[in-house]
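Down below is the structure, laid out as structure tokens.
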Amino acid sequence: MSTPVIELTGVTKVYQMGETEVYALRGVDLSVSAGEMIAVMGSSGSGKSTLMNILGCLDVPTAGSYMLDGIRVNGMTRNERADLRNRKLGFVFQGFNLLPRTTAVANVELPLLYDRTGRFTSTRALAVEALTRVGLGARLEHQPSELSGGQQQRVAIARALVTQPTLLLADEPTGNLDSKTSIEVMALFQELNEQGITVIVVTHEPDIAQYAHRVVDVRDGRILRDHAVAAPRRAADDVRTIDTDADGLRATALQEVV
Amino acid sequence: MKINTLLTMATSSILKNKMRTMLTMLGIVIGVGAVIVMVAVGHGAQSQIEAQIKNLGTNLIVITPGSSAAGGASQGAQTFNRLTIADADKITAESTLLSAVSPVIVTRTQVITGSGNWRTEINGVSTDYLTIRDWNVTSGALFTNDDVVANRKVAVLGSTIVKNLFPDSDPVGSQIQLGNVPFTVVGVLAPKGQTSSGVDQDDIVLVPYTTAQDRLSGFTFLGQILASAQSPTDMTAAQDEIRSIMRESHGLPNGAPDDFTVRDQTAIAQAATSTTSVMTGLLAAIASISLVVGGIGIMNIMLVSVTERTREIGIRMAIGARGSDVLTQFLVESVVMSLLGGLIGLAVGFGGAALLGHLMGWSTSTPLIAVAAAVGFSAAVGMFFGFYPARKAAALDPIQALRYE
Ligand SMILES: Nc1ncnc2c1ncn2[C@@H]1O[C@H](COP(=O)(O)OP(=O)(O)OP(=O)(O)O)[C@@H](O)[C@H]1O
Ligand SMILES: [Mg+2]
């Protein structure tokens, strides 16, 4: 078997709040193989975001070890972690986190500008390609304020995948979206996952979690349950059903008016 | 990150807040503008004075009769006028540090031609006079040593006289009368303009001093002796030398006061130059305080900007920006802003100086070094005052920055 993308062993995170110590994670072991699609679930304050921050190399564990794609993250400097994020990771946030008053294409191009490996030659062309991939080829010059929430999240996803990361981390990506748009976003994640990117999505909506292949339940900083989903739903199919239903409804409404 | 990427990024974020950027740059604009105007006015005055010094003559030393130490209305000069041709000859013969010496006999009389007349000053001088005064003839030539030795009645006319008496012909070769003595015109002087006190230096006729003594003034005494030191560094030594030659010539015993005065007009003028240069420096220093105030304005806005854009910084860090990338970005922004302000200030300063020169009739000039210094200084201000906010931005924790509301 190939090396896992993620290998967490005994990861603990303690926040020092004055006198008291807040345990956000208490010994998490997690192994994720390439090509998996995982949903992390749990109630508020259970430590999901803390876990994602550590997986995303934005934060370092108090104890325990973290191997990302065979690279030891513990003991890395700030700069090394920044480079690692740029090279291996893509982030999608609940609040979209696009640069305001900056066009979609400029937002997507941004991670390419921080590349230090010299992998990318025509950064704008790559950004256009990524936006086209998420279905926004016609919105290149739009600013975030000129886009719907779903479209903004698509821009954010395009920004996350433009560097061809090994791992896509999404912390409640559908938290600010209505249910139909949420399913569309999940369809996009599934599509990217089928193309080979490992995806981890934090959510507390069971509806969303059913699109993952594996669900990890977190509680009080521990992994309570880690189980495979027997038959994951296909988000693309659900989107189609909703569309047909809506068409059906519209048709009935029209008939009633007539 | 590539420098042009950085510059595009900086300009685009500066342009997102046009009004604020303009107001922030205003401090630098005013600072640089003020410095340029001050330097232009000061430097203009200085070069005007320098031109006047040069106009006086090359390393000019003036020997006048009477003691300056005697006080009051220089009674020595009135009691006995004791500057003679012999003194001038002795200085010429014995000095080692002078390149030219000329006695000057001053008298006033009427210049009469066939068509008109003109009252003017006649100076009886030697052939060295033009060298000392750094002066040229535009037509004909100065009289020769032979003319001086032979007391010939030859004259060189100043341009004001030519303008009034020979408006459309070359006077060289024509006959004129000075008082009732006939003279032949041998040359015309180049226009020299006014002295700093407004005297028209071109309203003059030069004749050999021998002829002047003989035919015009009847005095045997000289109004003054002019001399030229060989080099500016010899000025003091040359004056000391003249003083000792003069004392010997006048047979003054030790301890007796001088009955003549040796002056160095350039020294007076140079004092004026150094005063203006001190003034220029002082004014520029005051003006550059506003540049510092402008810099503080930039720092203030950059700090606000860092706080406002905390989330942006978090995003950039999350997608792989290093602390140094963020630092450079904010530093480039503040330098671009202050440099742009500096360039606009430069234009404003040049405009202001030109306007002031036009309205007040001052001559203004800006040395290139001041332009370079203004540009360099404004970039340095942006760098210096942008550094603290930029470092603050670079030190942010990405998670906290992302959570920032
Ligand atoms: N910077 C911090 N300082 C102190 N305590 C923190 C910090 N960040 C998180 N915590 C604590 O760690 C625990 C886990 O927080 P975390 O944000 O991981 O929860 P979560 O599962 O993401 O919750 P939610 O679903 O509401 O987003 C909480 O008790 C929280 O108060
Ligand atoms: Mg959370």
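Worth pointing out:
- Rounded, prolate or oblate (a/c below 1.5 giving rounded, otherwise prolate when a/b exceeds b/c) for the stretch A:24-177 by Cα gyration tensor: oblate
- Cβ neighbours within 10 Å from other chains - mean over B:393-399: 3
- Buried on assembly, the stretch B:298-323 (at least 10 Å² less accessible surface than by itself, 1.4 Å probe): B:311, B:312, B:315, B:316, B:317, B:318, B:319, B:320, B:321, B:322, B:323
- Kirkwood hydrodynamic radius of the stretch B:116-188, from inverse mean 1/r over distinct Cα pairs, in Å: 12.8
- Surface share of carbon and sulfur [accessible, 1.4 angstrom probe, percent] for the stretch A:6-257: 50
- Proximal lysines to residue B:163, defined as alpha-carbon separation beneath 28 angstrom and excluding residues fewer than eight positions away on the same chain: B:54, B:153, B:192
- On Cα atoms only, tilt of B:235-250 relative to the major axis of chain B in degrees: 20
- Mean accessible surface per residue for the stretch B:131-204, computed with a 1.4 Å probe while every protein chain stays in place, in Å²: 47
- The convex hull drawn around the Cα atoms of the stretch A:153-224, when projected onto a plane and averaged over every direction, covers 5.1 nm².
- Selected from B:213, A:3, B:395, residue furthest toward positive end of dipole (the protein assembly as shown; charges at beta carbon): A:3
- Evaluated at q = 0.06, 0.07, 0.12 Å⁻¹, a Debye calculation over the C-alpha positions of chain B (equal weights, vacuum) places log10 I(q)/I(0) at -0.46, -0.56, -0.95.
- Sequence-ordered 3J(HN,Hα) estimates for the stretch B:4-20 from the Karplus curve with 6.51, -1.76 and 1.60 and θ = phi - 60° stand at 6, 4, 4, 5, 4, 4, 5, 5, 5, 6, 5, 6, 5, 10, 4, 4, 4 Hz, glycine and proline given as x.
- Gyration tensor verdict on the stretch A:111-197 (Cα atoms; rounded if a/c is under 1.5, prolate if a/b is larger than b/c, oblate otherwise): oblate
- In plain terms, if you count all Cα to Cα distances in the stretch A:1-45 and split them into 10 Å steps from zero, the share in each step is 21, 40, 27, 10, 2 percent.
- Rounded to whole Hz, the Karplus (6.51, -1.76, 1.60) HN-Hα couplings of the stretch A:196-209, x for glycine and proline: x, 7, 6, 10, 10, 10, 8, 7, 10, 9, x, 4, 6, 5
- Loop-exposed GluC sites (Glu not before Pro) per DSSP, neighbour cap 16 Cβ within 10 angstrom, longest uninterrupted part of chain A: A:20-140
- When the Cα positions of B:342, B:321, B:289 are compared along the charge dipole of the stretch B:270-404, B:321 comes out farthest toward the positive end, with charges on each C-beta of Lys, Arg, Asp and Glu.
- Considering the stretch A:1-89 at the alpha-carbon level, its Rg and Dmax are found to be 13.4, 46 Å.
- Across all directions, the average flat footprint of the convex hull enclosing the Cα atoms of chain A is 16.7 nm².
- Those trypsin sites (Lys or Arg not before Pro) in the stretch A:3-94 that DSSP places in a loop and that have at most 11 other beta carbons within 10 Å: none
- Taking every DSSP helix (H) stretch of at least 4 residues in the protein assembly as shown, weighting each as -39,500 (n - 2.57) and dividing the sum by the residue count yields a mean residue ellipticity at 222 nm of -16000 deg cm²/dmol.
- Taking amide H positions as modeled 1.01 Å from N, with prolines and chain starts lacking one, the residues under 5 Å from residue A:5 and 5 or more places away or on another chain are A:32, A:33, A:34.
- Plainly put, the stretch B:207-303 has a radius of gyration that is 1.38 times its Kirkwood radius, both from alpha-carbon atoms, as the Rg/Rh ratio.
- Cα centre as origin, Lys/Arg/Asp/Glu Cβ charges: the stretch A:6-257 dipole, Debye: 720
- Backbone amide hydrogens, once placed in the peptide plane, bring residue B:362 within less than 5 Å of nothing, excluding anything fewer than 5 places away on its chain.
- Across the stretch B:265-356, the volume of the C-alpha convex hull divided among the residues equals 124 Å³ per residue.
- Cα-Cα pairs of the stretch B:146-210 separated by more than 17 Å (percent): 42
- With all pairs of separate Cα atoms included, the stretch A:69-108 yields a Kirkwood hydrodynamic radius of 12.4 Å.
- Electrostatic tally near residue A:135: other residues with Cβ closer than 12 Å to its Cβ, Lys and Arg +1, Asp and Glu -1, net +1.
- Within straight-line cross-link reach of residue B:18, aspartates and glutamates at Cα separation under 17 Å, skipping those fewer than 8 residues along the same chain: B:308, B:333
- Using Cβ point charges alone (K and R +1, D and E -1), the dipole size of the protein assembly as shown about the Cα centre works out to roughly 660 debye.
- Unit charges on C-beta of K, R, D, E only; dipole of the stretch B:185-243, Debye: 120
- Interchain or long-range residues, amide H under 5 Å from residue B:183's placed H: B:176, B:177, B:178
- Partner chain coverage, peptide A:48-59 - average Cβ within 10 angstrom: 2
- One compactness figure for the stretch B:81-258 is 1.09, namely its Cα radius of gyration divided by 2.2 N^0.38 Å.
- Averaged over the residues of peptide A:108-118, the number of Cβ atoms from other protein chains lying within 10 Å of each residue's Cβ is 4.
- Ratio of the Cα radius of gyration of the protein assembly as shown to 2.2 N^0.38 Å, where N counts its residues: 1.74
The values are calculated or read from the model by the stated rules, or taken from the named source; none is laboratory data. For clarity, every value in this text was computed on a predicted model and none was experimentally measured. We place every Cβ from the backbone using ideal geometry, glycine too, and count neighbours over all the protein chains shown. Ligands, DNA and RNA are stripped out before the accessible areas are found, and what is left, the full protein with its side chains, is counted by its heavy atoms. Shrake-Rupley method; radii C 1.70, N 1.55, O 1.52, S 1.80 Å.
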